[in-house]
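K.L.:
Here's a structure for you.
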Amino acid sequence: MTMATMNDALAAARGNRRKLGRDLAGLAVILALAVVGYLLFPNNLALLTRMTAIALLVLSLDLVTGYCGVATLGHAALFGTGAYAAGIAAVHFGITDPLLMLGCGILGGIVAGLLCGVVILRAHGLPQLVLSIALIHLFHEFANKASSWTGGSDGLAGIAPDPLLGLFAFDLWGRTAYVFGIVLLAVVFTLLRLVVRSPFGMLCRGIKEDPIRIRAMGASPKVTLMKMYMISGAVAGAGGALNAISTQVVGLDSLSFTLSAESLVMLVLGGTGSLFGALTGTIVFMFFEDIVSAANPFHWLTMVGALLIAVVLFAPKGLYGTIAAVATRWREARR
Amino acid sequence: MSAIFEVRNLKRSFGGLAVSNDVSLAMAPGDRVALIGPNGAGKTTFVNLVTGNLTPDSGEVRIGGEDITRVNAIGRVRRGLVRSFQVTRLFQDMTPAEHVALAVLQRDGRAGRLFGNYLAMPDVMAEVGDLIGKLGLRDQMHRRVREIAYGQQRLLEIAVALALKPRVLLLDEPAAGVPQSDTGRIEQALADLPPDLAVLMIEHDMDLVFRFARRVIVLAAGTIIFDGSPSDVTKDPRVREAYLGSYANAGHAA
């Protein structure tokens with residue numbers, strides 16, 4: 001091995017170690033926040049579990065929007081389909097094991113991802129955005145009309161999941177659902193960290209910057225994006241299933257344009273193209289929404305709007321993105 | 001030697017305007033050909049036609065004897081027809097090492113892998129280090145492309161193309177926009193290209209053309225008006241008239 005190759009190998013090993021360190025730190029932060037949340041809000045675990053489910057939706061959106069540059073305002077289609085798939089499996093087919101319900105949700109999300117991907121990826125830019133809006137309305141209307149399966153506007157009620165692993169019943173205080181959600185989030189986060197750093201993740205980042213260059217390398221942007229849409233569907237579907245299992249009801253709001261738009265707002269708030277950004281945006285937005293709506297039920301939306309304007313104007317990379325950029329500049333200045 | 005790359009009677013019109021008019025050429029492995037012509041001669045259209053980004057009205061494109069006229073752009077790259085771009089098309093937030101690694105992984109059919117990291121793949125890293133070293137980019141290997149000089153970005157374009165192990169390489173103005181002080185490095189990179197690789201270079205810089213090419217093709221109004229040795233190109237009256245007028249006169253005056 002030449003000296004130059006050895007230096008490259010050492011640099012690569014250092015880079016790998018640094019990334020592994022960040023992965024472990026990220027995982028530790030998720031678990032630490034989960035413990036803090038449990039201790040600080042023991043009577044509001046339902047909110048924290050809902051936050052975890054939405055975090056999965058925002059992570060899923062980050063995969064297609066942040067990492068691949070796909071513009072979408074219809075991503076709740078994947079989340080809602082996952083929720084309905086888990087709910088319908090339980091209510092109509094008697095599949096009440098929470099892990100099997102989760103599997104159904106993931107499968108439903110993948111199918112929805114495939115459908116949405118096939119339609120949305122046919123266009124770019126504004127037409128793509130319009131297609132995504134049309135899709136979420138179609139999904140919503142379909143769920144509304146198929147009321148014998150979905151409960152229509154009344155929602156799909158009567159979901160009664162079995163105890164988790166046959167041991168932990170889903171209690172009234174939501175402890176089991178909370179722990180289930182946090183473990184699910186930690187597992188998904190870890191897997192996604194590996195995926196976004198993989199050759200596939202690199203290919204996706206390339207497509208976001210320049211699909212023509214990627215084609216000139218002999219790779220198909222469309223096939224790659226379809227694959228990412230299906231992965232994204234699996235993640236959003238898992239979030240939907242978690243929501244169905246924890247609340248034991250699935251409403252049409254899980255397939256709404258509003259949820260799609262809110263998830264995009266959360267992503268932009270935290271910072272696109274970073275899994276940490278997606279988590280930050282979800283936590284900040286949902287806490288802010290909860291606190292402000294309780295403090296001032298009449299003007300809370302105004303305050304949420306003001307927060308968003310402030311972030312977009314003064315921290316265009318999002319909260320996490322801006323902090324990460326400042327930290328990088330500081331590190332480079334010290335070198 | 002049999003042709004590795006062949007274009008037969010390639011025609012394409014936009015409305016009534018023929019931008020590629022019965023263009024035919026053949027190249028053998030190791031050929032160094034320069035394609036020149038005045039602005040609007042149809043050089044870019046020619047590249048788009050052979051790379052599959054434009055469909056010809058008629059004619060054939062062959063690589064290694066296989067007719068690839070109906071193969072799409074991606075399929076052509078996979079068969080060894082690789083191009084570089086006139087205006088650098090690189091990923092600004094990625095490093096040169098990532099660019100070359102992605103090309104190597106794509107070539108080997110491993111770019112779709114969901115797990116693993118190229119930094120931990122010794123075979124990929126060895127190839128990345130080798131190519132980056134050959135093109136003099138080792139010090140910039142792990143810096144983001146936006147942070148490296150334009151001349152180095154042009155070299156990276158060539159590195160990415162070579163990482164795909166092409167059989168035919170189309171270089172679209174490899175020295176375009178590069179400061180005079182850096183063109184030497186590009187010329188060296190061109191001189192060091194694999195000897196069995198067929199290279200077709202589109203270039204405006206005639207000094208570079210004469211130093212690089214062993215054969216020059218001149219395109220004017222979508223038609224090949226000259227195909228021969230560099231020493232003869234300036235003597236051809238049609239070429240003088242269409243393109244080289246001022247350069248040839250300047251050469252005679254000197």
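K.L.:
Relative to the longest principal axis of the C-alpha atoms of chain A, give the angle of the C-alpha long axis of helix A:221-247, reported between 0 and 90° and rounded to the nearest 10°.
P.N.:
That works out to roughly 40 degrees.
K.L.:
Which residue fluctuates most in the GNM of chain B (Cα springs below 10 Å): B:149, B:28, B:73?
P.N.:
B:149
K.L.:
I need the shape label for segment A:223-281. Rule: rounded when a/c is under 1.5, else prolate if a/b > b/c, else oblate, with a, b, c from the alpha carbon gyration tensor.
P.N.:
Verdict is oblate for segment A:223-281.
K.L.:
Mind sorting A:331, B:79 by how few other Cβ atoms lie within 10 Å of their own Cβ, fewest first?
P.N.:
Exposure proxy ranking, most exposed first: A:331, B:79.
K.L.:
Please express the Cα-Cα pair-distance distribution P(r) of the protein assembly as shown as a list of whole percents, one per 10 Å bin, running from 0 to the bin with the greatest distance.
P.N.:
In order of increasing distance, the bins hold 3, 15, 22, 20, 16, 12, 7, 3, 1, 0 percent.
K.L.:
Please list, ordered by chain and number, the residues whose modelled amide H lies under 5 Å from the amide H of residue B:19; skip anything fewer than 5 residues away on the same chain.
P.N.:
Distant-sequence amide H within range of residue B:19: B:12, B:13, B:14.
K.L.:
Of A:208/A:317; A:227/B:134; B:11/B:235; B:11/B:165, which sit over 26 Å apart, Cα to Cα?
P.N.:
Correct reply: A:227/B:134; B:11/B:235; B:11/B:165.
K.L.:
Still on this structure: Please report the base-10 log of the normalised intensity I(q)/I(0) for chain A, using a Debye sum with one equal scatterer per alpha carbon and no solvent, at each q in 0.08, 0.14 (1/Å).
P.N.:
One equal scatterer on each Cα of chain A leads to -0.39, -1.16.
K.L.:
In Å and whole numbers, how far do the C-alpha atoms of segment B:106-254 stretch along each principal axis, longest first?
P.N.:
Extents along the principal axes: 60, 31, 25 Å.
K.L.:
Could you please rank A:84, A:229, placing first whichever residue has the fewest other Cβ atoms within 10 Å of its Cβ?
P.N.:
A:229, A:84
K.L.:
Report the local net charge at residue B:146: Lys and Arg +1, Asp and Glu -1, summed over other residues whose C-beta lies under 12 Å from its C-beta.
P.N.:
Within the 12 Å Cβ shell, the charges total -1.
K.L.:
Right, something else. Can you tell me what the convex hull of the Cα atoms of segment A:84-230 projects to on average, as an area in nm²? Before the final figure, lay out the partial values.
P.N.:
Details: hull surface 43.4 nm².
Taking the Cα atoms of segment A:84-230, their convex hull projects to 10.9 nm² on average.
K.L.:
Still on this structure, I have one more. Tell me what chain A gives for mean residue ellipticity at 222 nm when only DSSP H runs of n ≥ 4 count, each as -39,500 (n - 2.57), the sum divided by the residue total, rounded to 500 deg cm²/dmol.
P.N.:
My calculation for chain A gives -26000 deg cm²/dmol from helical runs alone.
K.L.:
Of the residues A:96, A:81, A:282, which exhibits the maximal mean-square fluctuation in a Gaussian network model of chain A defined by a 10 Å Cα contact cut-off?
P.N.:
A:96
K.L.:
Near residue B:203, within a Cβ-to-Cβ distance under 10 Å, what is the net charge of the other residues, with Lys and Arg +1 and Asp and Glu -1?
P.N.:
Values: positive: B:43; negative: B:172, B:173, B:205, B:207.
Net local charge, residue B:203 excluded: -3.
K.L.:
Could I ask something else about it? Find how much the distance from residue B:67 to residue B:146 grows on full extension, using 0.36 nm per residue of separation minus their present alpha carbon separation; answer in nm with one decimal.
P.N.:
This chain segment gains 24.5 nm when fully extended.
K.L.:
So if each residue of separation counts as 0.36 nm, and I subtract the Cα-Cα distance between residue A:173 and residue A:96, what length gain in nm does that give?
P.N.:
25.8 nm
K.L.:
How many angstrom separate the Cα center of segment B:96-129 from the Cα center of segment A:24-66?
P.N.:
Segment B:96-129 and segment A:24-66 have Cα centres separated by 33 Å.
K.L.:
Follow-up. Would you please give the residues with an amide H less than 5 Å from that of residue B:226, counting only those at least 5 places away or on a separate chain, with H modeled from the backbone geometry?
P.N.:
Under 5 Å from the amide H of residue B:226: B:218.
K.L.:
Could I ask something else about it? Tell me, how many Å apart are the Cα centres for segment A:72-104 and for segment A:307-335?
P.N.:
37 Å
K.L.:
Also, quick follow-up: Helix A:125-145 sits at what angle to the longest principal axis of chain A, using alpha carbons and giving 0 to 90 degrees rounded to 10?
P.N.:
Between the helix axis and the principal axis of chain A, the angle is about 20 degrees.
K.L.:
Treating only the Cβ of Lys, Arg, Asp and Glu as charged (+1, +1, -1, -1), what charge dipole size does chain A show about its Cα centre? Round to the nearest 20 debye.
P.N.:
Values: 22 positive and 15 negative charges, 318 e Å.
In debye, rounded to 20, chain A gives about 1520.
K.L.:
So, counting K/R as plus one and D/E as minus one, what does the shell of residues with Cβ under 11 Å around residue B:21 add up to? Please list the in-between numbers first.
P.N.:
On the way: positive: B:11, B:12; negative: B:22, B:57.
Within the 11 Å Cβ shell, the charges total 0.
K.L.:
Something else: Percent relative contact order of chain A, based on C-alpha pairs within less than 8 angstrom and at least six residues apart?
P.N.:
Over chain A, the number comes to 29 percent.
K.L.:
Continuing with this model, one more query. To the nearest 10 degrees, how steep is helix B:150-163 against the longest Cα principal axis of chain B, on a 0 to 90 scale?
P.N.:
The two axes meet at around 80 degrees.
K.L.:
Would segment B:95-178 count as rounded, prolate or oblate if I go by the C-alpha gyration tensor, calling it rounded below 1.5 in a/c and otherwise prolate when a/b exceeds b/c, oblate otherwise?
P.N.:
oblate
K.L.:
Hey, another quick one. Test of understanding: in a Gaussian network model of chain B with alpha carbons linked when under 10 Å, which of B:63, B:158, B:74 would top the mean-square fluctuation ranking?
P.N.:
Fluctuation is largest for B:74.
We did not get these values from a lab; they are worked out from the coordinates using the rules stated. Please read these numbers as outputs of a predicted model, since none were measured by experiment. When we count neighbours, we look across all protein chains shown, and the Cβ atoms used for this are built from the backbone with ideal geometry, even at glycine.
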